[in-house]
Amino acid sequence: MDIDLARTFLAIADCGSFAAAAERLHLTQTAVSARVRSLEQHLGRPLFVRNKAGARLTPAGERFVRHATGLVQGWERARQQVALPPGRAHGIGVGAEPSIWQPLLSDWLVWMHHVCPEVALRADVEPRERLLERVEDGTLDLAVLYNPPPRPGLVCELLLEEKLVMVTTAPDGGLDPRRYLYVDWGPSFAASHQAAFAELSNAPVSVSLGPLALGYLLGVGGAGYFRAAIVAPHIARGALFLVRGAPQFSHAACVVYAAAHGGEVLARAREGLRMVAGQAAVQKE
């Protein structure tokens, strides 16, 4: 069976509609429908019921999800192993959100170079949803991200719990809503922030990348939430100040991987992530 048929099936099952799956896969809806028809002919069962709301799995489709996932992941592992460069016995693909690469993932790459020199590495930076999709379809072995939502078949392991604190350039530690900078730290932060600061829901400036937001804050002034360890040096030199009475929010860094995809090499890679995260935590104390 063409592996793209299984990929298309999983995309529809995850998106809940043929149109959304077509957009994700960069295909036309006609092509997506043709692939589903071909797959249903192979299996001899209808896999989806289409309606105005989108598409839902039939009982046969629900049973096929696990097998389709295994097919795609197995193919990706086989493809990566066959394509290994000379002198490397294994390969690992890891991805992370932009804000988590420095220093956690950078230090891990160095750790892998020294401890696992026989492992070929591929490192990607992508948005959270794309990382989770790629772990599900087997094109990534590990994804490191903040506060990942639970997904069936994926294991989420805590690496490091950080704190987000509100800082300001105002020496008195006061908060001026007109100069508030909203930094998008993900859905979990957004929910907590909305509950604590409903009046700040329409910030004049919003930024989705922490380092970019911090540069803006230091250059223009104002207040916003940032990782405590990152702003600590700026607080120490008097460039930033903690906002009086502002709550702190948890910001957990986790490694996510497929439950069915194990092995000694990935276990060592996860061990390295835990060690690097542990060292980072000690340095912050």
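The values are calculated or read from the model by the stated rules, or taken from the named source; none is laboratory data. As the structure is a prediction and not an experimental result, all values here were calculated from the model. A quick note on method: Cβ atoms are made from the backbone with ideal geometry, for glycine too, and the neighbour counts reach across all protein chains shown. Ligands, DNA and RNA are stripped out before the accessible areas are found, and what is left, the full protein with its side chains, is counted by its heavy atoms. Shrake-Rupley method; radii C 1.70, N 1.55, O 1.52, S 1.80 Å.
Just a few scattered comments:
- Residue in region 194-211 that is at pLDDT below 90, under 18 Å from the mean Cα position of the chain (by Cα) and not in a helix (DSSP H, G or I) present: yes
- The test for being touching a His at 6+ places or on another chain (Cβ under 6 Å) and at pLDDT 95 or above does not hold for Leu214.
- Considering only residues in region 49-79 that are of a type in the set (Lys, Arg) and more than 19 Å from Ala259 (Cβ to Cβ), the one that is surrounded by the fewest Cβ atoms within 10 Å (Cβ to Cβ) turns out to be Lys52.
- Tally of residues being of a type in the set (S, T, N, Q), under 18 Å from Ala228 (Cα atoms) and open to solvent by 20 Å² or more (accessible area, probe 1.4 Å) across region 164-195: 3
- Any hit, region 108-119, residues being assigned to a strand (DSSP E or B) and at pLDDT 85 or above: yes
- Residue list for region 152-174, filter: touching a strand residue (DSSP E or B) at 6+ places or on another chain (Cβ under 8 Å) and closer than 15 Å to Asp14 by Cβ: Gly153, Leu154
- Pick from region 80-103, criterion within 19 Å of Arg130 (Cβ to Cβ) and not β-branched (Val, Ile, Thr), ranking: most open to solvent (accessible area, probe 1.4 Å): Pro98
- With a requirement of 3 or more residues that are out of contact with any His (no Cβ under 8 Å at 6 or more places or on another chain), of a type in the set (Lys, Arg) and modelled with pLDDT of 95 or more, none of the strands (runs of 3 or more DSSP E) lying completely within region 10-98 satisfies it.
- For region 217-231, taking the residues that are at pLDDT 95 or above and assigned to a helix (DSSP H, G or I), the one that is surrounded by the fewest Cβ atoms within 10 Å (Cβ to Cβ) is identified as Gly219.
- Residue among Leu214, Leu145 that alone is without any contact (Cβ under 8 Å) to a residue 24 or more places away in the chain, closer than 19 Å to Pro98 by Cα and outside any loop (DSSP other than H, G, I, E, B): Leu214
- Flag if Gly219 is out of contact with any Leu (no Cβ under 9 Å at 6 or more places or on another chain), among the small types (Gly, Ala, Ser) and within 28 Å of Arg151 (Cβ to Cβ): no
- Residue among Arg244, Arg270 that is on the phi < 0 side of the Ramachandran plot and either under 18 Å from the mean Cα position of the chain (by Cα) or not in a loop (DSSP other than H, G, I, E, B) (or both): Arg270
- Test: residue in region 196-210 that is surrounded by 15 or more Cβ atoms within 10 Å (Cβ to Cβ), under 28 Å from Cys156 (Cα atoms) and of a type outside the set (A, V, I, L, M, F, W, C): yes
- Filter result (aliphatic (A, V, I, L, M), out of contact with any Phe, Trp or Tyr (no Cβ under 8 Å at 6 or more places or on another chain) and in contact (Cβ under 8 Å) with a residue 12 or more places away in the chain) within region 197-211: Leu209
- Ser106 being among the polar types (S, T, N, Q) and without any contact (Cβ under 8 Å) to a residue 12 or more places away in the chain: yes
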